[in-house]
Amino acid sequence: MDQARLLDIQHLWVQYPCGKAVLQDVSLRLQAGEILCVIGESGSGKSTLLQAILRLPGKVEITRGEILFAGQDLCALQGEALRNIRGKGIGMVFQEPGASLNPIRKIGTQFYEALRAHGPISRHQADEKARILLSCLDLGDPERILRSCPVQLSGGMNQRVAIALAMALEPAVLLADEPTSALDVTVQVQIVAELQKLRDQFGTSILVVTHNMSVVAKLADTVAVMAGGHIVEYGARDTVLGSPTHPYTRSLLAAVPRLGRTCDASG
Ligand SMILES: Nc1ncnc2c1ncn2[C@@H]1O[C@H](COP(=O)(O)OP(=O)(O)OP(=O)(O)O)[C@@H](O)[C@H]1O
Ligand SMILES: [Mg+2]
């Protein structure tokens, strides 16, 4: 496998089944262990991009281009071959934790079902794996969490459970759609630290969509900026944040003028 390009999206054009064209000529790469942050205005096509990569049936239509995952073109795969890649090769944390979790099913059962779908595993082994991942994400008392349903947990806890569940199959690539947007600032900081820990421990490549420039500054190796279904700016974090060329990136940075000075201010 070409480690340099674990996920290689080339000249991708995507529309919704109603005919609405969204992505136009999008090209992006994700290397092993890289964290790519995708930013851009609301409606620019960020979630559509993740839907296209995940190839969920009936969601979006790829009209042109390629999505190469470990050298295989996902656009040419169907059925079982795609299901094997989804979850195990590419994990997903959706914009709403509700889309990743069944609200009224015990977390332990959800881990067991996700793992069992990809190979033989006992409930005991699934619980053990879930405990380790929940602890990795700093969720205290994993026993209680395994016995709880999402409706009994806070938003921040559910967001972490959704990340742990996506990580359960040890995917090579984790897609996360605004995993911190609904959370208070201290929980956002923790989630960012936990995503970094997962990358460091498991070597996971992460593509994260976010509106939060502090998250980008802390987490990203590379940054892609989307506007109107195009990538308008793409490169190493320090280049994109240090000398942005697109007006949208400039306006985002102007909205957080203290971003580069937080270190000076604190010490
Ligand atoms: N199911 C759908 N059918 C038709 N059009 C859709 C559908 N979902 C999204 N769109 C449209 O596609 C465009 C891109 O939407 P998308 O959800 O990808 O944006 P986004 O960048 O994720 O925005 P946000 O930051 O608000 O989450 C928008 O114009 C949106 O209205
Ligand atoms: Mg979105």
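The values are calculated or read from the model by the stated rules, or taken from the named source; none is laboratory data. On a predicted model such as this, the values are computed, not experimentally measured, just so you know. In this analysis, Cβ positions are derived from the backbone assuming ideal geometry, glycine residues included, and neighbour counts consider all displayed protein chains. Ligands, DNA and RNA are excluded from the accessible area calculation, which covers all protein heavy atoms including side chains. Shrake-Rupley method; radii C 1.70, N 1.55, O 1.52, S 1.80 Å.
Tell me, what ³J(HN,Hα) does each residue in the range 196-209 have, in order and in whole Hz, if you take phi through Karplus 6.51 cos²θ - 1.76 cosθ + 1.60 with θ = phi - 60° and put x for Gly and Pro?
Working through the residues one at a time gives 5, 5, 5, 4, 5, 6, 10, x, 5, 8, 10, 10, 10, 8 Hz.
List the residues of the range 138-169 whose backbone N lies under 18 Å from a point placed 7 Å from the Cα of E128 along the Cα-to-Cβ direction.
Residues passing the 18 Å test: 142-143, 146, 168-169.
Can you send over the solvent-accessible area of S42, 1.4 Å probe, protein chains only, in Å² to the nearest 10?
Rounded to the nearest 10, the figure is 110 Å².
Taking amide H positions as placed 1.01 Å from N in the peptide plane, with prolines and chain starts having none, which residues 5 or more places from V22, or on another chain, fall under 5 Å of its amide H?
Under 5 Å from the amide H of V22 lie the amide H atoms of V14, Q15, Y16, each far enough along the sequence or on another chain.
Mind checking the dipole of the chain: about its Cα centre, +1 per Lys or Arg Cβ, -1 per Asp or Glu Cβ, Debye to the nearest 20?
I would put it at about 440 debye.
Return the carbon/sulfur percentage of the accessible area of the chain, one whole number, probe 1.4 Å, all protein chains in place.
The value for the chain is 51 percent carbon and sulfur by accessible area.
Let me have the relative contact order for the chain, percent, based on Cα pairs under 8 Å that are six or more residues apart.
24
Report the FRET efficiency, 1/(1 + (r/R0)^6), for C18 and D200, where r is their Cβ-Cβ distance and R0 is 45 Å, rounded to 0.05.
In this case the efficiency is close to 0.60.
Which of rounded, prolate, oblate describes the chain, given a ≥ b ≥ c as roots of the alpha-carbon gyration tensor eigenvalues and a/c under 1.5 marking rounded, otherwise prolate only if a/b is larger than b/c?
Cα axes put the chain in the oblate bin.
Report, in deg cm²/dmol and to the nearest 500, the calculated mean residue ellipticity at 222 nm for the chain, where each DSSP H run with n ≥ 4 adds -39500 (n - 2.57) and the sum is divided by the residue count.
Result for the chain, helices only: -11500 deg cm²/dmol.
Take the chain, connect every pair of alpha-carbon atoms lying under 10 Å apart with a spring to form a Gaussian network, then pick out the residue of T48, T222, T239 with the largest mean-square fluctuation.
Of T48, T222, T239, the most mobile in the Gaussian network model is T239.
Long-range amide H contacts for R64: which residues qualify at under 5 Å (H placed 1.01 Å from N, peptide plane, sequence gap of 5 or more or a different chain)?
Under 5 Å from the amide H of R64 lie the amide H atoms of W13, each far enough along the sequence or on another chain.
What are the ³J(HN,Hα) values, in whole Hz, obtained from phi via the Karplus relation 6.51 cos²θ - 1.76 cosθ + 1.60 with θ = phi - 60°, for each residue of the range 154-166 in sequence order, with x given for Gly and Pro?
Running phi through 6.51 cos²θ - 1.76 cosθ + 1.60 with θ = phi - 60° gives 6, x, x, 5, 5, 4, 5, 4, 4, 5, 4, 5, 5 Hz.
Suppose all protein chains stay in the model; what accessible area per residue would a 1.4 Å probe give for the range 1-152, in Å²?
Value returned for the range 1-152: 49 Å² of accessible area per residue.
At 1.4 Å probe size, what's the solvent-accessible area of T63? Round to the nearest 10 Å².
80
Could you state how much accessible area I90 has, in square angstrom rounded to the nearest 10, with a 1.4 Å probe and all protein chains kept in place?
Its accessible surface works out to 0 Å², give or take rounding.
Select from S251, S100, S205 the residue whose mean-square fluctuation is largest in a Gaussian network model of the chain (Cα-Cα springs shorter than 10 Å).
The residue with the greatest mean-square fluctuation here is S251.
Given H placed 1.01 Å from N in the peptide plane, which residues other than close sequence neighbours of I206 have an amide H under 5 Å from its amide H?
E34, I35, L36, L174
Hey, what do the phi angles of the range 119-125 turn into as Karplus ³J(HN,Hα) couplings, whole Hz, using 6.51/-1.76/1.60 and θ = phi - 60°, x for Gly and Pro?
Here the 3J(HN,Hα) series is x, x, 7, 7, 4, 4, 5 Hz.
Of K20/K197; K59/K197; K59/K106; K59/K88, which pairs sit farther than 30 Å apart, going by alpha carbon to alpha carbon?
Pairs exceeding 30 Å: K20/K197; K59/K197.
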